[in-house]
Amino acid sequence: MTTTPNNSAQTQAAATAETATTAASATKTTQPKNPLHGFTLEQILNLLLAHYGGYPGLARHIKLKCFSENPSLKSSLNFLRKTPWARTEVEQLFIRLGLYQQKP
């Protein structure tokens, strides 16, 4: 049996397509269990600010300078996007409070 280059290319393309489909379906099935799915960082921060009545209330629960010293939405988002440990703190508080149950 002789393999032509054309058949080999078709086989590789089919394998790649199958892998992409499997990865996409795996992502779709695991996302519904992710409480952060569908929320942007800005939405999360706004919900936390609304829950705690602004930056002073949020700063009492998460000790970050971006919440206590001259806070703004833009600077807070900037800091959280660049600092993974701080973003994790915010996301964990969001989940603990159950705010993810409010639809975005």
Q. Using the Cβ atoms and a cut-off under 14 Å, what net charge is assigned to the surroundings of Glu42, where Lys and Arg are +1 and Asp and Glu are -1?
A. +2
Q. Say a paramagnetic label sat at a point 7 Å from the Cα of Gln31, along Cα to Cβ; which residues of the stretch 41-59 have their backbone N under 19 Å from it?
A. 41-44
**Q.** Rounded to the nearest 20 debye, dipole of the stretch 41-101 from Cβ charges on Lys, Arg, Asp, Glu
**A.** 140
Q. Tell me, in nm to one decimal, what length is gained between Lys63 and Glu42 on full extension, where the rule is 0.36 nm per residue of separation less the Cα-Cα distance?
A. 5.7 nm
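Only the coordinates and a few stated rules stand behind these numbers; no lab work does. Being a predicted model, the structure only gives us computed values, none of them experimental. Positions of Cβ are backbone-derived with ideal geometry, glycine not excepted, and every protein chain shown enters the neighbour counts.
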